[in-house]
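Reading through the C-alpha cells given below for one structure.
None of the figures in this text is laboratory data; all of them are computed from the coordinates on show. Because the structure is a prediction, the values reported are computed rather than measured. Ideal geometry is used to build each Cβ from the backbone, glycine not excepted, and the neighbour counts take in all protein chains shown.
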Amino acid sequence: MNAALTIPPLPAAAATPVGAEVRRGLTARPRRLSPWLFYDQRGSELFEAITELPEYYLTRTEREIFAQHADEILAAAAGAGLAILELGAGSAAKTGLLLEAAVRRHDEVAYYPIDISASVLEKASSRIAAQLPQVAVRPIVSDYTRSLRELPASGLRRLVLYIGSSIGNFDPQAAAALLRSLRRRLAPGDWLLLGVDHVKDRTTLLRAYNDAAGVTAEFNRNVLARINAELGANFRPRLFRHRALWNDRECRMEMHLESLVAQEIRIPALDLAVRFRRGESVHTENSYKFTPDAVSALLTRGGFAPRRHWTDARGWFGVYLSEAV
Ligand SMILES: C[S@@+](CC[C@H](N)C(=O)[O-])C[C@H]1O[C@@H](n2cnc3c(N)ncnc32)[C@H](O)[C@@H]1O
C-alpha cells in the first residue's frame, strides 16, 4: 500500500493563494501577512478612504505631480501609439491625468490596468472607459508578483506605471527582483514610471499611517475580518491593536497588529489553530521610503536606465521615468 494514501488530504482552501499565504504567514515567526491580503472589496474601499485623509499625503502629492507634469512625462514616450500598463492599478484615480495627456499626444492609446482585486478593477475600468472613450481599456485580474506573463505585446511601445509607492511594500532585494522580472518582459525602448515616497521627517510619516479618525487601523484589522470570511476563522479584530512605527535602520514604515490578550485563533478551512501571546504581533505591511539616489540604484539593479524624475514642491514624493535598456 502506498503510504501517501494514508495522509488526510489538506482542505481545499489551503491550496488557494489566500489560504496558502495565511498558513505560511501565521505559522512563521515572527508572524506576518502579505499586504496584498488587505485588498478584498472592503479593504479596497478602506484604502480609497485613506487616500482622502488629511494625514495621508502620498496620493494627493503624487496627483499634484501628475497634474503639473503629465504632458512632459508622456512626451518622453515617443511613437504613434502607446500601450499603458499599470501594476496594482486600484481605483486608478490619478491615472486619468496620464491617460488624458496620452490621448493628447498619441493616435492610439490602450490601457491595461492589472490588479489582484477584481471588484476595484471593474469599477476603475468602467469609469475610465466612460470618461475617455478614445482609450481602449483592457483590465487584467492578476497577481503581478507571480505572473507578469499577461503583459500584452500589442506591437505598441509600452509604458508601465508602477505608482502609488507600491514598490515600497517590498524589501530591497525583492523590489529589484520584481523590476528585473518586469524588465525581462519588456523590449528595449519601453518605459517604466515608478512613483515612490521619499524619506522625510518622522512625525509626518507616523501621522500618515496612524490617522486620527482610525481609518488606517480599520484597514489594517480588516485583513483579520477577511480571514474570518474566507477561511472561517474566529478572529475578533477588536482584540488586535493597530501599530504603525518607523524603522530607522531599514528606512521603512511598518504596520503591525498586536494581540491585546493571550488568545487562540482557529482557522477551520486550514485545519489550523494559532496561539497568540499577549503583546505578540503580526507584521502586515512595510512601506520603504527612498532618497533619489536609492531609487536610481534600484532602477539600475532592475535593468532600467533612469532618465528623468519629478517631485512636488516639498520633495515629499517622486515620480521616476526610466527606460528598458
Ligand atoms: C496601495 S494601492 C495603490 C493603488 C493605486 N496604484 C494608487 O496609486 O493609488 C495597491 C493596489 O495594488 C493592488 N495589489 C496589491 N498587491 C498586488 C499584487 N501582488 N498583484 C496585483 N495587484 C496588487 C491592490 O489590490 C491595490 O488596488
Could you work out which residue, out of Ile114, Ile163, Ile267, moves most in a Gaussian network model of the chain, that is, has the largest mean-square fluctuation with Cα springs under 10 Å?
Ile267
Treating the beta-carbon of each Lys and Arg as +1 and of each Asp and Glu as -1, no other charges, what is the dipole magnitude of the chain about its Cα centre, to the nearest 20 debye?
820 debye
Along the charge dipole of the chain, Cβ charges K/R +1 and D/E -1, which of Gly168, Leu186, Tyr57 sits furthest on the positive end?
Gly168
How many Å³ per residue does the convex hull of the Cα positions in the stretch 59-127 occupy?
83 Å³
Longest to shortest principal axis, alpha-carbon extents of the stretch 206-308, angstrom
50, 31, 23
Using the count of nearby Cβ atoms within 10 Å as a rough guide to exposure, how do Arg207, Arg23 rank from fewest to most?
Arg207, Arg23
Stokes-Einstein diffusion coefficient of the stretch 84-123, Kirkwood radius over Cα pairs, 4 °C, 1.567 mPa s, in µm²/s
122 µm²/s
For the chain, what proportion of DSSP beta bridges, expressed in % and rounded to the nearest 5, is antiparallel?
60 percent
Mind pulling the per residue volume of the convex hull built on the Cα atoms of the stretch 1-116? Å³ is fine.
183 Å³
List Ile265, Ile73 from most exposed to least, where exposure is judged by having the fewest other Cβ atoms within 10 Å.
Ile265, Ile73
For the chain, take the longest principal axis of its alpha carbons; what is the angle in degrees between that and the long axis of helix 215-231, to the nearest 10 within 0 to 90?
60 degrees
Dimensions (Å) - the stretch 80-223, Cα atoms, principal axes, largest first
46, 35, 27
Once you put a point 7 Å from the Cα of Arg104 and another 7 Å from the Cα of Arg42, both along the Cβ direction, what distance in nm separates them?
4.2 nm
Over the chain, what per residue volume does the convex hull of the Cα atoms give, in whole Å³?
151 Å³
Net charge, Leu98 excluded, C-beta distance under 13 Å - Lys, Arg +1, Asp, Glu -1:
-1
For the charge dipole of the stretch 1-156, defined by +1 on Lys and Arg C-beta atoms and -1 on Asp and Glu C-beta atoms about the Cα centroid, which residue among His69, Ser126, Leu97 has the Cα displaced farthest towards the positive pole?
Ser126
Kindly express, to the nearest 10 degrees and within the range 0 to 90, the angle between helix 95-105's C-alpha long axis and the longest C-alpha principal axis of the chain.
20 degrees
Charges only on Cβ, +1 for Lys and Arg, -1 for Asp and Glu: so what's the dipole of the stretch 144-186 about the Cα centre, in debye to the nearest 20?
260 debye
Fraction of alpha-carbon pairs over 18 Å apart in the stretch 195-249 - percent
47 percent
